[in-house]
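Each remark here refers to the structure printed beneath this line.
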Amino acid sequence: MTTRAYSLGGGFKRPSVLPGFGLTLGFAVAYLSIIVLLPLSALVLRPATLGLSGFLDVLFDSRVLAALRLSFGAAFIAALVNAFFGLIVAWILVRYDFPLKRVVDALVDLPFALPTAVAGIALATIYAPNGWVGRLFDPLGIQIAFTPLGVLVALIFIGLPFVVRSLQPVLQDLDKEVEEAAVSLGANRRQTFRLVILPAIMPALLTGFALALARAVGEYGSVIFIAGNMPMVSEIAPLLIVIKLEQFDYAGAAAIGVIMLALSFLILLVINLVQRWSRRHEEH
Amino acid sequence: MTITAEGIYKSFNGFPALRGVNLAASRGEFVALLGPSGSGKTTLLRILAGLEFADSGRLLFNGEDVAAQGAGERNVGFVFQHYALFKHMTVAENVSFGMRVKPRDKRPSKAVIDSQVNELLRLVQLDRLGDRYPSQLSGGQRQRVALARALAIQPGVLLLDEPFGALDAKVRKELRRWLRRLHDDMQLTSLFVTHDQEEALELADRIAVMNDGRIEQIGTPADVYHHPATAFVYEFLGNANRLRCRIDRGRAMVGPLILPAPEHLELRDAAGVAFVRPHDLIIGDARAGGLEARVRQIFVAGPAIRVELALLADGEMLEAEVPHGSPAGELIAPNKLVTLTMAKIRAFPDAVAA
Amino acid sequence: MVAQARRALSIAGETVEPAGAAQARRATTEPPLVRWALIAAGVVFILLVLVLPLISVFMEALRGGAATFLHAVGDGDTWQAVRLTLLVAGIAVPLNVVFGLAAAWAIAKFDFRGKSLLITLIDLPFSVSPVISGLIYVLLYGANGWFGPALKELDIKIIFNVTGLVLATIFVTFPFVARELIPLMQEQGRDEEEAAISLGASGWRTFWHVTLPNVAWGLLYGVLLCNARAMGEFGAVSVVSGHIRGLTNTMPLHVEILYNEYDFVGAFAVASLLAGLAIVTLVAKSLLEWRYGDRLAAGRKH
């Protein structure tokens, strides 16, 4: 009896003296089903009404392809930019002291806290040809707002905290002795960083990159104001979903949604595998 | 390589870690830095390695001032307490690291690196484990990888921080003897930090006993064990009972007992402490005369009988060791009143004892 | 001994080590030049990408002077939007708190099959685009949705109505409280609860007096983030709202309408209220982290 009671093998739940399991789990699962699972299943099942050929027609529509290419391409580049600058920001926050460090640290979370629509109109205004930053680029013939570059700017804004917050705890916990070992073996600072530090923080950097990428792919609010939304040029995939909805093409909208989700999960899966591979030697 | 450190001072945020340390090690010597935690021994080792920089003092390797050189330029092999192996590199990659990061013009060819790595791995008896990762090794194996990695740069001096601290007792003993042989075979100059007196006594040619940022005594193991220079050294090396005494003209008075203290011939009626090792404490019959004490606890398991006694005068607890089968054994029973005399003591006047 | 120390002192007096040079050679940091260059790069990047937009919101809002700003903020439609935003957040956040507590209790205090699957599913809404988060409710309750015809029969309106806004908001803010509480409660284990129960406390009493005080700060932290997102959500509510002024227009949607009508001062005036909320959130969050950081972080390590 006691041995059975303590192995999960026999039953669904290990016995406990604490009450409330049925109530809390039942509520949580019911709530999860109504809010998340049922609606998401509608998304997955809806495109079925199109049939396979109808689905493929939506997918290979040149406007849809262009939008997907923009959404994923810009998100990828933005995540790369964020991986680079996010590493610098996390590094200076963990390793160095400088004035107003705490304020800078707090500001990193601004994209989490600032509503995307607010960020959107602010970025559109700054990077417009007559805006604070756009004005600097206009004479060079570079237009940022209302072009794919604008999309990139918005996605960089939205993704930065993911990289910084993924890296900070890992940099904090990095074993200083390992760096000292490298130095005492004659490595210079660059070699130490490249050969010792970078491999150690790589999994966290990948996590941050993946999170920033996933967020950027689906981002809507901060992008549409600055993007200009020209079909085939600066129209992102989420906007296309909204347009299809406005035309009451539910199945078409759902089809694009499913493709986006599938691509996102595929990317996350690949990154997950890469991560597992890069972590293969770590102790647990 | 000879090492000379003179007047090394170092403080961290105003807290002094080293207060004027002088230390010299000659070629081929194996020196132990022994002391409790916080005594500054690791700081000293790190300053020698160039991982920390002294606030003042001179540091000479082979007579050349290296105080301004960085860790990478000193050609010092450092073995970290927790090994600090590179987790994402194989054993072979760890060992070859120091050769691979050399400037291009001084870097050996890949073939040379490979053969040296193999030779080192054979030396530390890990020949077939070159492709493993550190997480796949036992503690003792990791320790040897760390050692091979440090030796790969052909260091003039090998520094080891608590080299056996993270290992279990059996592996520790084996590795200890093996390291000593390695040191002798390779004719290294080595310094190691330890808080384990047994380790220092067994392994080192000379021991520097450190306390509170200073070196209390440097000498051979026999020297520091049998002729401790200060009360601290006496207490730190081996068990000792501590008793208040008065010292007068080469004699120490402990309660009613008068014992020889020939090192203090010139002292006149000074307060001090007398140390007595447990095996030098002689238990006698209640009427035999001496310090009166009551037996509290008896531990018979072990190489000798250990007896805990409380002095009647002030309740102070003492520890005595009696060989199994000795006549004194008869006298010992819980709560029994006995008297204590001492075969040998070592007295220190308070000025030095403090 | 004393003589030795004195000799050492005199040596210390004579040999003045180049302490600065030694510091520069510190084994595990970069030269000052590199350090300051990196700090400059990081700070300038933050200024350009994060701070500049924030400042511009307030600058643009006040461009026409305080009177214009107050006029735009005092507009009837704006107040309607503020009220609706508060209402939506006021429903969505408490519901997610109840869910978060229930889920965290079940997951942290019991062992059962499928636990890790449940945790994964709770995080799911974070990886879904906001637009898709709105879309899925349209697919269910919209005129052409699964339940659309049935709802029409019953004369219930969900899409283009407050209910839809609430549902979409709940979806996008769904994980915030739960993912904050689960690791925290797991970290704390179940010893204290088991002790309370064995001492005769009821389940409710145990929860109120033992569990809740232990996770109060983590809960507050989760509520803070949940609320910020609930009030600021744009994409998801945009899809389900229909942008009906005075009825389904939350503050972020109102910003969009004003902006698209070229009422920039009005748009930025409303935006500045939201930006103010963001700043308050950041300050409160930072205060919580500085004050209770170790306790919050202990949970998040898992």
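The values are calculated or read from the model by the stated rules, or taken from the named source; none is laboratory data. Everything numeric in this text was worked out from a predicted model, so none of it was measured. Every residue, glycine as well, gets a Cβ built from its backbone with ideal geometry; the counts of neighbours run over all protein chains shown.
Among the residues examined, C:GLY266 does not qualify as modelled with pLDDT of 90 or more and facing another protein chain (nearest Cβ under 7 Å).
Show me the helices (runs of 4 or more DSSP H) found entirely inside the stretch A:8-86 where at least 1 residues are aromatic (Phe, Trp, Tyr). Before the answer, list the steps.
Numbers: elements: A:21-32, A:38-45, A:51-59.
Where helices (runs of 4 or more DSSP H) fall fully within the stretch A:8-86 and carry at least 1 residues being aromatic (Phe, Trp, Tyr), they are A:21-32, A:51-59.
The number of residues in the stretch A:44-94 being buried (at least 22 other Cβ atoms within 10 Å of the Cβ), under 21 Å from the mean Cα position of the chain (by Cα) and of a type in the set (Lys, Arg) comes to 0.
For the condition at pLDDT below 65, surrounded by 13 or more Cβ atoms within 10 Å (Cβ to Cβ) and within 12 Å of another protein chain (Cβ to nearest Cβ), what is the one hit in C:ALA61, C:ALA37, C:ALA92, C:ALA8?
Values: C:ALA61 fails: at pLDDT below 65; C:ALA37 fails: at pLDDT below 65; C:ALA92 fails: at pLDDT below 65.
Within the list C:ALA61, C:ALA37, C:ALA92, C:ALA8, the selection yields C:ALA8.
In the set B:LEU45, B:LEU60, only one residue is touching a residue at least 24 places away in the same chain (Cβ under 8 Å), more than 10 Å from chain A (Cβ to nearest Cβ) and touching a Leu at 6+ places or on another chain (Cβ under 6 Å); that residue is B:LEU45. Only one of C:VAL97, C:VAL73 is β-branched (Val, Ile, Thr), modelled with pLDDT of 90 or more and within 28 Å of A:PRO111 (Cβ to Cβ). Can you tell me which? Only one candidate passes the filter, namely C:VAL97.
With the checklist (1) outside any helix (DSSP H, G or I); (2) surrounded by fewer than 23 Cβ atoms within 10 Å (Cβ to Cβ) in hand, flag the one item B:PHE78 doesn't pass. Here B:PHE78 clears every test but (2). The criterion of at least 3 residues that are more than 9 Å from every other protein chain (Cβ to nearest Cβ) and β-branched (Val, Ile, Thr) is met, among helices (runs of 4 or more DSSP H) falling completely within the stretch C:143-235, by C:162-188. Among the residues making up the stretch A:215-246, those that are closer than 13 Å to A:LEU68 by Cβ and within 11 Å of chain C (Cβ to nearest Cβ) are A:VAL217, A:GLY218, A:ILE236, A:ALA237, A:PRO238, A:LEU239, A:LEU240, A:ILE241.
Return yes or no: is C:ILE132 within 19 Å of the chain's Cα centre (by Cα), of a type in the set (Val, Ile, Thr) and in the same structural domain as C:ASN214 (by TED's automatic domain parsing)?
On the way: within 19 Å of the chain's Cα centre (by Cα): no; of a type in the set (Val, Ile, Thr): yes; in the same structural domain as C:ASN214 (by TED's automatic domain parsing): yes.
So C:ILE132 fails the test.
Pairing residues of the stretch A:237-250 that are without any contact (Cβ under 8 Å) to a residue 12 or more places away in the chain with residues that are of a type in the set (Gly, Ala, Ser), at Cβ distances under 7 Å and at least 6 apart in sequence or on separate chains, gives A:LEU245/A:ALA253.
Yes or no, residue by residue, for (1) under 24 Å from A:PHE76 (Cα atoms); (2) touching a Leu at 6+ places or on another chain (Cβ under 7 Å):
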position: A:GLY131; (1), (2): no, no
position: A:ASP138; (1), (2): no, no
position: A:PRO161; (1), (2): yes, no
position: A:GLU179; (1), (2): no, no
position: A:PRO203; (1), (2): yes, no
position: A:THR207; (1), (2): yes, no
position: A:LEU211; (1), (2): yes, no
position: A:ALA216; (1), (2): yes, yes
position: A:GLY221; (1), (2): yes, no
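Among the residues of this structure, C:SER56 counts as one that is free of Cβ contacts under 8 Å to residues at least 12 places away in the same chain, outside any loop (DSSP other than H, G, I, E, B) and surrounded by 18 or more Cβ atoms within 10 Å (Cβ to Cβ).
Scanning the stretch A:135-147 for any residue that is surrounded by fewer than 19 Cβ atoms within 10 Å (Cβ to Cβ) and either within 24 Å of the chain's Cα centre (by Cα) or polar (S, T, N, Q) (or both) turns up at least one such residue.
Exactly one residue among C:SER241, C:SER198 is surrounded by fewer than 19 Cβ atoms within 10 Å (Cβ to Cβ) and modelled with pLDDT under 90, and that residue is C:SER198.
Being assigned to a loop (DSSP other than H, G, I, E, B), in contact with a helix residue (DSSP H, G or I) (Cβ under 7 Å, 6 or more places away or on another chain) and without any contact (Cβ under 8 Å) to a residue 60 or more places away in the chain is the filter here; which residues of the stretch B:239-294 pass it? Once the filter is applied, which keeps residues that are assigned to a loop (DSSP other than H, G, I, E, B), in contact with a helix residue (DSSP H, G or I) (Cβ under 7 Å, 6 or more places away or on another chain) and without any contact (Cβ under 8 Å) to a residue 60 or more places away in the chain, the stretch B:239-294 yields B:ALA240, B:GLY250, B:ASP285.
The set of residues in the stretch B:208-238 being in a strand (DSSP E or B) and not aliphatic (A, V, I, L, M) consists of B:ASN211, B:ARG214, B:GLU216, B:GLN217, B:GLY219.
Out of A:PRO39, A:PRO99, report the one residue that is within 9 Å of chain C (Cβ to nearest Cβ), over 30 Å from C:GLU194 (Cβ atoms) and modelled with pLDDT of 90 or more. Spell out how you get there, then give the answer.
Values: A:PRO99 fails: within 9 Å of chain C (Cβ to nearest Cβ).
Answer to the selection: A:PRO39.
For the stretch B:18-55, the set of residues classified as small (Gly, Ala, Ser), surrounded by 15 or more Cβ atoms within 10 Å (Cβ to Cβ) and either in contact with a Phe, Trp or Tyr (Cβ under 9 Å, 6 or more places away or on another chain) or over 15 Å from B:ARG214 (Cα atoms) (or both) consists of B:GLY20, B:ALA25, B:GLY28, B:ALA32, B:GLY35, B:ALA49, B:GLY50, B:ALA54, listed by residue number.
Can you tell me which of A:ASP109, A:ASP173 is surrounded by fewer than 18 Cβ atoms within 10 Å (Cβ to Cβ) and among the acidic types (Asp, Glu)?
On the way: A:ASP109 fails: surrounded by fewer than 18 Cβ atoms within 10 Å (Cβ to Cβ).
Of the residues listed, the single one that is surrounded by fewer than 18 Cβ atoms within 10 Å (Cβ to Cβ) and among the acidic types (Asp, Glu) is A:ASP173.
Kindly check whether there is at least one residue in the stretch C:54-68 that is of a type outside the set (Lys, Arg), outside the structural domain of C:SER238 (by TED's automatic domain parsing), farther than 30 Å from A:LEU38 by Cα and in contact with a Leu (Cβ under 8 Å, 6 or more places away or on another chain). Within the stretch C:54-68, one or more residues are of a type outside the set (Lys, Arg), outside the structural domain of C:SER238 (by TED's automatic domain parsing), farther than 30 Å from A:LEU38 by Cα and in contact with a Leu (Cβ under 8 Å, 6 or more places away or on another chain). Which condition number in (1) without any contact (Cβ under 8 Å) to a residue 24 or more places away in the chain; (2) hydrophobic (A, V, I, L, M, F, W, C); (3) surrounded by 12 or more Cβ atoms within 10 Å (Cβ to Cβ) is the one that C:LEU184 fails? Condition (1) is where C:LEU184 drops out. Screening A:ALA187 on (1) part of a helix (DSSP H, G or I); (2) over 19 Å from the mean Cα position of the chain (by Cα) shows it passes everything except condition (1).
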